[in-house]
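Okay, structure first, notes after.
The values are calculated or read from the model by the stated rules, or taken from the named source; none is laboratory data. The shown structure was predicted, so the numbers you read here are calculated from the model rather than taken from an experiment. Heads up, the Cβs are rebuilt from the backbone with ideal geometry, glycines too, and the neighbour counts pull from every protein chain shown. What goes into the accessible areas is simple: the full protein's heavy atoms, side chains included, and nothing from ligands, DNA or RNA. Shrake-Rupley method; radii C 1.70, N 1.55, O 1.52, S 1.80 Å.
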Amino acid sequence: MRNLKIGLLVALCILLVFLCGIFAYGMTGHNIYRVFRGGYNDRDYVGMHLVLEKEVPIDGIGSISVSYSMNGNDVYLYEGQGDMLVIKEYNEAELNENELSTVSVNGSKLEVKGKRRSSRRIRAGFFRFGYGGGYTEVWLPASYKGELALATSSGDITSEMNLVIERDLMAASTSGEITMPDVSAGNVSLASTSGNVRIETIETDKNGTAGDINIAATSGDIEVKQLVGETNIASTSGYVNAEIITGNVQIATTSGDITVQHIDGNAVFESSSGNAKITEGSGERSVSTNSGDIMIDGADGLWMIHSTSGEVRVKGQNDNGSIETTSGDVNLEIVELSGTLDINTGSGSVNMKLLQDSAFDFSADTTSGDINTFFDEELNFSKRGNSAQGSHGQNSQGNSIRIGTTSGNVRIMKE
């Protein structure tokens, strides 16, 4: 009974600390309801009404900045009509004049800036205190081709229009999501701290060459269908999922998985504990994980793979490269070897499938494992059978396979 009372007391203390933290978070102006409800993704802005509307001629404007870093407004981008940029701000409360956003033009630069809201309000229901919710609509004419920068603190950034601009696009949110359809711009930079980033297509062009694409999320996921440009993607604890990437790419995650269906270009993947999977394409591949598995399926070209404790699987048409693991197994299926294949593993085994008419020089060494190949009669084995050298086929191209393992087995089979 005494242990039960102590346990209940500890649980109540933890709950009290949690509620105090939520209360403090809400009293700083953050919308607690968004945290539990997951935002306004269903556009259910109950009780919202228009508090500000501004129209600005787009003629002569080369840069537009929409910043809501002072409050948590969602930002929605729509395709406008004619040559007027229209800003509409909605809120569920009547705002004071000094709480309304400002719209200003300085030369060729137009700036929309959300104001800090000093008044506190209690919204209906528990966990709904703070400034109250709000969102801003930006109606952008399709004729606008200049620079566009969107920023908000805890709000979402959502584009309902395909963006085609000649200069740079930047979008950043602290805890909100970033969602866009097709984007064409000189360079593209998207960043969210704890929200997800979801994009259909990004195509960059900077003075006739591929521009830069930078996408970052700290704890959110990153999902894209197609990227064309020099790409850099970083996610801490979220996963990265891309369908088609054209151009060189670097992707880094801490604990999230990396999945890319097709890459035409050189790629560098790094993940601490996440898995990495590439299924198609061509170009050099450098893939490194600590405890995650690595899978390359159908990607042709040079690859360099490093894994500490994860398993490595490679299946390709025309491949060569290097693989290094500490304790993970290595499994390969190669239709045609074109160059040198180096494999080194500590306690992992090496299993490989090759076409019988492949040609290459071969060497394998293992401390305590066994070596078995479909061309044993062409090899010279050591007395203990843990070392083998020789060649298979008429190796006019100078292909070679070198395998070294400490306690793992080596097995080469014919396809």
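Among the residues of the stretch 96-104, is any open to solvent by 50 Å² or more (accessible area, probe 1.4 Å), at pLDDT 90 or above, farther than 24 Å from M180 by Cβ and of a type in the set (S, T, Y)? Yes: the stretch 96-104 contains one or more residues that are open to solvent by 50 Å² or more (accessible area, probe 1.4 Å), at pLDDT 90 or above, farther than 24 Å from M180 by Cβ and of a type in the set (S, T, Y).
When Q250, Q226 are checked against the criterion of being closer than 24 Å to T308 by Cβ, modelled with pLDDT of 95 or more and surrounded by fewer than 17 Cβ atoms within 10 Å (Cβ to Cβ), Q250 stands alone in meeting it. Looking across the stretch 166-210, the residues that are open to solvent by less than 10 Å² (accessible area, probe 1.4 Å), outside any strand (DSSP E or B) and either at pLDDT below 95 or out of contact with any Ser or Thr (no Cβ under 8 Å at 6 or more places or on another chain) (or both) come down to G176, G195. Among the residues of the stretch 374-387, none qualifies, meaning not one is surrounded by 16 or more Cβ atoms within 10 Å (Cβ to Cβ) and either within 21 Å of S307 (Cβ to Cβ) or in contact with a Leu (Cβ under 9 Å, 6 or more places away or on another chain) (or both).
Scanning the stretch 62-81 for residues that are open to solvent by 20 Å² or more (accessible area, probe 1.4 Å) and farther than 18 Å from E160 by Cβ yields S65, S67, S69, M70, G72. Being aliphatic (A, V, I, L, M), open to solvent by less than 70 Å² (accessible area, probe 1.4 Å) and under 18 Å from I323 (Cα atoms) is a description that applies to A364. Here G107, G125 are screened, and the one residue that is surrounded by fewer than 19 Cβ atoms within 10 Å (Cβ to Cβ), at pLDDT 90 or above and on the phi > 0 side of the Ramachandran plot is G107.
Can we say S327 is surrounded by fewer than 18 Cβ atoms within 10 Å (Cβ to Cβ) and part of a loop (DSSP other than H, G, I, E, B)? Here the answer is yes, as S327 does meet what is asked. Tell me whether the stretch 348-355 contains one or more residues that are under 21 Å from Q394 (Cα atoms) and open to solvent by less than 20 Å² (accessible area, probe 1.4 Å). The answer is yes, given that some residue of the stretch 348-355 is under 21 Å from Q394 (Cα atoms) and open to solvent by less than 20 Å² (accessible area, probe 1.4 Å). In summary, G130 fulfils each of the numbered conditions (1) at negative phi; (2) modelled with pLDDT under 95 with the single exception of condition (1).
Here is a list: S309, S288, S347, S322. Which entry is hydroxyl-bearing (S, T, Y), touching a residue at least 40 places away in the same chain (Cβ under 8 Å) and either assigned to a strand (DSSP E or B) or out of contact with any helix residue (DSSP H, G or I) (no Cβ under 9 Å at 6 or more places or on another chain) (or both)? S347 is the lone residue from the list that is hydroxyl-bearing (S, T, Y), touching a residue at least 40 places away in the same chain (Cβ under 8 Å) and either assigned to a strand (DSSP E or B) or out of contact with any helix residue (DSSP H, G or I) (no Cβ under 9 Å at 6 or more places or on another chain) (or both). In the stretch 231-242, the residue that is farthest from the chain's Cα centre (by Cα) out of those that are closer than 14 Å to A267 by Cα and surrounded by fewer than 23 Cβ atoms within 10 Å (Cβ to Cβ) is N232.
For the residues T231, T279, the requirement of being more than 19 Å from V335 (Cβ to Cβ), in contact with a Gly (Cβ under 7 Å, 6 or more places away or on another chain) and not in a loop (DSSP other than H, G, I, E, B) singles out T231.
Residues of the stretch 174-184 being within 18 Å of K225 (Cα to Cα) and either acidic (D, E) or in contact with a Gly (Cβ under 7 Å, 6 or more places away or on another chain) (or both), which ones? Residues satisfying the conditions are E177, I178, D182.
The requirement of being touching a residue at least 24 places away in the same chain (Cβ under 8 Å), buried (at least 24 other Cβ atoms within 10 Å of the Cβ) and closer than 29 Å to S322 by Cβ is satisfied by I213. Output the residue which, of all residues in the stretch 269-316 that are among the hydrophobic types (A, V, I, L, M, F, W, C) and open to solvent by 50 Å² or more (accessible area, probe 1.4 Å), is farthest from the chain's Cα centre (by Cα). Filtering the stretch 269-316 for residues that are among the hydrophobic types (A, V, I, L, M, F, W, C) and open to solvent by 50 Å² or more (accessible area, probe 1.4 Å), the one farthest from the chain's Cα centre (by Cα) comes out as L302.
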